[in-house]
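Asker: Before I ask anything, here is the structure I am working with.
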Amino acid sequence: GGKAGVAWTIDDAITMDAALRWIPSKTGSPPFFAALNLQNPHLPYRVPEGFKRPFGARAPAIEITAAGFPREQAAVARELYADSLAYADSQIARLIGHLKASGAWEETILVVSADHGEAFFEHGLAAHANGVFEEVVKVPLFIRAPGLVPGLESRPAELLDVAPTLLGLLGLPPHPSHQGRDLLGRDPVSEPRSRHLISDTPWKTHLGLLRGRHKLVFDGDAGRFALYDLGEDPGESRDVSGAQPEVARELRSRLAAWRRAQLDYYSNPLRQASEYPPLLEDR
């Protein structure tokens, strides 16, 4: 109560207030599922007055629009973004505190992730929804579950994996409509594995394919491909298509097959009425 909306949508404290009122507050309550969309780390990266900014001393005068911010203000915008992430983190801490106080923490699965990261002109692009370079598509994925041993996983994953992984943790069978994998299942998720990327917005049209250490990016606006070796070039600064033409051809073929399979299915209502979404062999 008493908090004003400060993001372009609604302040995360208001969202969390509603969630904490709704989530059962006593042990033995019926099971629940809650999906919270925290928005303060979205443009324009606002936090309420009075929040102690760990990365920026104060909120400077900076012009941030839906299209981003001026290149010369990228460093300042990055600090604002970090502060907004810290604010969202403080709201997640409220959720964990509530679950612990209610006695539900030891039997609750918690997943924290993001739909995208942010760009600060690493590749000439700013803010979100701008292409499929690593600064935009590499996001955290935290999974906490009763009995799950803490650790850091380096195996390949994507957001499509979250739903089947949750079903696995709950002891439920996978659903045939899921295109992802159970990251904690009996069948280990390992390399090589193709992970597909797409950004189709008013700002940038990109398609991408990650497989092993290589990443193929198709710039739909310019009509050209680029291949990056992330093992040697994590900043995606050198196109190695000429030096590794066989890898480039294989990934172009795999990306084309994936795109064709998706478009053939999602443009055909008859198939959607009788079939589940397509799965490629290496998933």
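The values are calculated or read from the model by the stated rules, or taken from the named source; none is laboratory data. Note that this is a predicted model, so its numbers are computed, not measured. Every residue, glycine as well, gets a Cβ built from its backbone with ideal geometry; the counts of neighbours run over all protein chains shown. In case anyone asks, the SASA skips ligands and DNA or RNA and just uses the protein heavy atoms, side chains included. Shrake-Rupley method; radii C 1.70, N 1.55, O 1.52, S 1.80 Å.
Asker: Once the piece of chain linking LEU270 and ARG21 is laid out straight, how much longer is it, given 0.36 nm per residue of separation minus the C-alpha distance between them?
Answerer: 85.4 nm
Asker: By its C-alpha gyration tensor, with a ≥ b ≥ c as the square roots of the eigenvalues, how is the stretch 131-210 shaped: rounded for a/c under 1.5, else prolate for a/b larger than b/c, else oblate?
Answerer: prolate
Asker: Follow-up question, since we're still on this one. Rounded to the nearest 0.05, what FRET efficiency do ALA74 and ARG193 give with R0 = 41 Å and r taken as the Cβ-Cβ distance? Could you check?
Answerer: It comes to 0.80.
Asker: Which of the peptides 235-245, 164-174 is most tightly packed, and how do the rest follow, going by the mean number of other Cβ atoms within 10 Å of each residue?
Answerer: Top of the packing list down: 164-174, 235-245.
Asker: Given R₀ = 22 Å, FRET efficiency for HIS175-LEU263 by Cβ-Cβ distance, to 0.05?
Answerer: Calculated value: 0.45.
Asker: Quick check: at a probe of 1.4 Å, how many percent of the accessible area of the chain sits on carbon and sulfur atoms?
Answerer: 56
Asker: Take ILE92 and ALA114, extend 7 Å from each Cα along the Cα→Cβ direction, and tell me the distance between the two endpoints in nm.
Answerer: Placing both labels 7 Å beyond Cα along the Cβ direction yields 1.0 nm.
Asker: What percent do you get for the relative contact order of the stretch 91-222 when only Cα pairs under 8 Å and 6+ apart count?
Answerer: 19
Asker: Which order do peptides 216-224, 113-121 fall in by mean Cβ count within 10 Å, highest first?
Answerer: 113-121, 216-224
Asker: Does the chain classify as rounded, prolate or oblate by the C-alpha gyration tensor (a ≥ b ≥ c root eigenvalues; a/c under 1.5 gives rounded; else a/b over b/c gives prolate, otherwise oblate)?
Answerer: oblate
Asker: Near LYS52, which aspartates and glutamates are there with a Cα under 14 Å away, not counting those fewer than 8 places off in the same chain?
Answerer: Answer for LYS52, where 14 Å is the Cα cut-off: GLU79, ASP83, ASP89, listed by chain and number.
Asker: Right, here's the next one. Given the Cα-Cα distance of ARG53 and THR205 and 0.36 nm per residue of separation, how much length would full extension add, in nm?
Answerer: Full-extension gain reported as 51.3 nm.
Asker: Using a/c under 1.5 as the rounded threshold, could you call the stretch 168-239 rounded, prolate or oblate? The axes a ≥ b ≥ c are square roots of the C-alpha gyration tensor eigenvalues, and prolate needs a/b larger than b/c, oblate otherwise.
Answerer: It comes out oblate by the Cα gyration axes.
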